[in-house]
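A.B. asks: This is the structure I have questions about; it appears just below.
Values quoted throughout were computed directly from the atomic coordinates according to the rules given, and no laboratory measurement underlies them. The structure displayed is predicted, hence computed values, not measured ones. Cβ coordinates were reconstructed from backbone atoms using ideal geometry, including for glycine residues, and neighbour counts include every protein chain displayed.
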Amino acid sequence: MAGVDRSALTGSTGPSRGSAGREAVTAVWRIESARIVGALARYTGDFGVAEDLAQEALAEALVSWPREGVPNNPGAWLLTVGKRRAVDAFRRRSALDDRYAALAHDLGEGTVDDAGWDPDQIDDDVLALIFTACHPVLAPEARVALTLRVVGGLTSDEIAKAFLVPTATVQARITRAKKALGAAGVPFEVPPADERRARLGSVLTVLYVIFTEGSSASSGASWIRFDLAGEAQRLARVLARLVPDESEVHGLLALLELTAARFPARTGPDGRPVLLEDQDRRRWDRSAIQRGRAALAQAARGRGLGAYGLQASIAECHAVADSVAGTNWARIVVLYEALGTLAPSPVVDLNRAVAVSMAEGPAAALPIVDSLVDALPHSHLIPSVRGELLTRLGRTAEARAEFERAIPLCANTQEQTVLRAKLDKLG
């Protein structure tokens with residue numbers, strides 16, 4: 001399996017072998033968990049049961065691999081253990097029905113079910129898993145938690161840490177989500193073509209929310225949560241391979257790649273945010289920019305750019321510019337106007353106001369921001385932007401008042417640092 005040095009893992013003994021075995025479990029699980037859960041869901045016909053079986057297989061691997069070494073086909077080993085646990089469960093219930101017979105026949109005694117297991121292949125089981133985890137019957141926060149757990153392979157602790165909630169809360173969300181899917185009789189399948197497009201919106205929203213929280217953390221001490229943003233990118237790449245004809249999937253992937261390309265320059269050595277005008281653009285990830293532009297070109301070949309494609313186009317304007325002054329702000333304004341028509345939102349209008357301030361000056365943008373005060377009454381974004389515009393207009397006292405109002409409304413400590421620095425500059 002790619003990324004696992006099996007010669008080093010199986011040839012060692014003692015504490016180093018145990019440590020290597022545990023590291024291998026983590027690596028394999030992150031790569032293969034979606035396919036394992038998907039395959040078990042197809043075999044058992046029950047999404048919730050499949051996720052529980054996969055977790056039991058993971059627990060067994062954590063005990064077995066450090067002691068006995070990593071198996072030749074780690075993904076197949078986990079799947080086989082999961083299927084054996086399913087057979088045991090059927091036996092305990094004395095339900096020797098067709099499912100048990102089929103599982104027992106396929107599994108056999110003492111064999112590893114690795115026939116046809118290709119680590120580089122992404123099949124319909126994963127696609128069905130994504131659509132099931134993001135089913136509209138679930139609450140948005142449950143979709144996010146379930147997607148990160150069963151598709152992304154993150155633990156409950158990792159998800160809780162990412163969203164700054166107790167682990168018990170995440171576990172409860174996942175449990176309720178699985179029960180809700182079972183109660184609603186949601187089948188484990190790729191939706192029919194006529195339903196897929198409508199359901200795809202829920203999938204894309206979940207990935208967008210995960211990335212957004214990773215790229216600009218709403219609270220906590222970190223400005224960027226790289227692991228969370230990276231997981232959203234990985235899942236978007238998987239989805240683009242699974243449904244290559246859906247232009248908005250490529251639009252979302254383009255947005256994520258082009259935005260993440262700026263990550264290396266968005267924070268300093270101390271973790272503090274570096275604003276766009278102060279960033280060293282030589283540190284931007286050029287390979288990510290190339291991937292993002294390629295995905296955007298793919299999105300444009302479809303029925304026209306959707307909301308994610310338009311946002312990706314805005315990100316591309318930044319990616320190809322050599323400086324803030326050299327950015328095509330007029331084009332960004334037009335793109336935000338189109339986005340506001342397609343997906344109206346106060347945040348979109350606020351971003352458009354920022355672009356207008358760069359293209360036409362702060363005086364032209366201030367009325368737009370003032371019109372949004374009632375739409376975002378408890379957000380720090382409005383006073384932050386107003387403070388910036390008023391500073392550029394020379395209205396220092398008013399700008400100070402806006403920054404002083406924004407700071408307590410902001411829950412991210414690193415962003416608070418930026419606002420305080422702007423306040424201090426005003427003397």
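A.B. asks: Report the residue, chosen from Thr341, Thr205, Thr147, that carries the largest GNM mean-square fluctuation when the chain is represented by alpha-carbon nodes joined by springs under 10 Å.
C.D. replies: Thr341
A.B. asks: Follow-up question, since we're still on this one. What does the net charge come to around Ala229 if you take all other residues with beta carbon closer than 15 Å to its beta carbon, with K and R at +1 and D and E at -1?
C.D. replies: Working: positive: Lys161, Arg225, Arg234, Arg237, Arg262, Arg266, Arg291; negative: Glu158, Glu213, Asp227, Glu231, Glu257, Asp285.
Here the count lands on +1.
A.B. asks: Can you tell me how the range 195-329 classifies by the Cα gyration tensor, rounded, prolate or oblate, using a/c under 1.5 as the rounded cut?
C.D. replies: Details: a/c = 2.26, a/b = 1.41, b/c = 1.60.
Judged from the Cα gyration tensor, the range 195-329 comes out oblate (a/c at least 1.5, b/c at or above a/b).
A.B. asks: Students often get this wrong: which residues of the range 247-266 have the backbone nitrogen under 12 Å from the point 7 angstrom along Cα-to-C-beta of Arg283?
C.D. replies: Residues passing the 12 Å test: 262-266.
A.B. asks: Please give the FRET efficiency for Ser345 paired with Asp322, using the beta carbon to beta carbon distance and R0 = 30 Å, rounded to the nearest 0.05.
C.D. replies: Working: r = 30 Å, r/R0 = 1.00.
Computed FRET efficiency for Ser345 and Asp322: 0.50.
A.B. asks: Using the Cα centre of the chain as the reference point, and only Cβ charges (+1 on K/R, -1 on D/E), how large is the resulting charge dipole? Debye, rounded to the nearest 20.
C.D. replies: Working: 49 positive and 52 negative charges, 122 e Å.
That gives a dipole near 580 debye.
A.B. asks: On to the next question. Counting Lys and Arg as +1 and Asp and Glu as -1, what is the net charge of the other residues whose Cβ lies under 13 Å from the Cβ of Ile174? Can you show the working numbers first?
C.D. replies: Working: positive: Arg143, Arg149, Arg173, Arg176, Lys178, Lys179; negative: Glu51, Asp52, Glu141, Asp157, Glu158.
Its environment carries a net charge of +1.
A.B. asks: Then there is this: Add +1 for every Lys or Arg and -1 for every Asp or Glu among the other residues with Cβ under 9 Å from the Cβ of Val333, and state the total.
C.D. replies: Every neighbour counted, the sum reads 0.
A.B. asks: How many nm is it between the label spots at Arg197 and Ala184, if each spot is 7 Å from the Cα in line with the beta carbon?
C.D. replies: 2.2 nm
A.B. asks: Could you work out how far apart the two model spin labels at Arg176 and Ala363 are, taking each label as a point 7 Å from the Cα in the direction of the beta carbon, and quote it in nm?
C.D. replies: 5.2 nm
A.B. asks: Could you work out which residue, out of Gly153, Gly304, Gly292, moves most in a Gaussian network model of the chain, that is, has the largest mean-square fluctuation with Cα springs under 10 Å?
C.D. replies: Per the Cα network of the chain with a 10 Å cutoff, Gly304 tops the list.
A.B. asks: Moving to a separate point now. Any chance you could count the Lys pairs in the chain whose alpha carbons are under 28 Å apart, treating pairs 8 or more apart or on different chains as valid?
C.D. replies: On the way: Lys83/Lys178; Lys83/Lys179; Lys161/Lys178; Lys161/Lys179.
Qualifying lysine pairs in the chain: 4.
A.B. asks: Residues in the range 60-76 near a label at Arg22, defined as backbone nitrogen under 12 Å from the 7 Å Cα→Cβ point?
C.D. replies: From the range 60-76, the list is 62-63, 66-67.
A.B. asks: Further, regarding this structure: List the pair-distance distribution P(r) of the range 133-234, using every Cα-Cα distance, as the percent of pairs falling in each 10 Å bin from 0 up to the bin containing the longest distance, rounded to whole percents.
C.D. replies: So the P(r) values, bin by bin, are 15, 47, 30, 7, 0.
A.B. asks: What's the FRET efficiency of Arg241 with Ala375 using the Cβ-Cβ distance as r and R₀ = 45 Å, to the nearest 0.05? Write down the numbers at each step before the final one.
C.D. replies: Numbers: r = 38 Å, r/R0 = 0.85.
FRET efficiency, Arg241 to Ala375: 0.75.
A.B. asks: Round to a whole angstrom and tell me the spacing of the C-alpha centers of the range 176-205 and the range 125-165.
C.D. replies: The range 176-205 and the range 125-165 have Cα centres spaced 13 Å from each other.
A.B. asks: With the contact rule set at Cα under 8 Å and sequence spacing of 6 or more, what percent relative contact order holds for the chain?
C.D. replies: Numbers: 587 pairs, mean separation 44.0, N = 427.
Relative contact order of the chain: 10 percent.
A.B. asks: Divide, for the range 253-315, the radius of gyration over alpha carbons by 2.2 N^0.38 Å, where N is the residue count.
C.D. replies: Numbers: Rg = 13.1 Å, N = 63, 2.2 N^0.38 = 10.6 Å.
Against the compact-globule rule of thumb, the ratio is 1.24.
A.B. asks: Jot down the radius of gyration and Dmax of the chain, Cα atoms only, both in angstrom.
C.D. replies: 24.5, 79
A.B. asks: When the expected Rg is taken as 2.2 N^0.38 Å, what fraction or multiple of it is the alpha-carbon Rg of the range 272-365?
C.D. replies: 1.13
A.B. asks: Pick from Ile368, Ile289, Ile407: which residue has the top mean-square fluctuation in a GNM of the chain where Cα pairs under 10 Å get a spring?
C.D. replies: Evaluated over the chain, the most mobile residue of the options is Ile368.
A.B. asks: Can you give the relative contact order of the range 385-427 as a percent, counting alpha carbon pairs under 8 Å and 6+ residues apart?
C.D. replies: Numbers: 27 pairs, mean separation 14.3, N = 43.
Contact order relative to length: 33 percent.
A.B. asks: Related question: I need the calculated FRET efficiency for the pair Ala338 and Arg67, taking r as the beta carbon distance and R₀ as 45 Å, to the nearest 0.05. Walk me through the numbers on the way to the answer.
C.D. replies: Details: r = 59 Å, r/R0 = 1.31.
Approximately 0.15, to the nearest 0.05.
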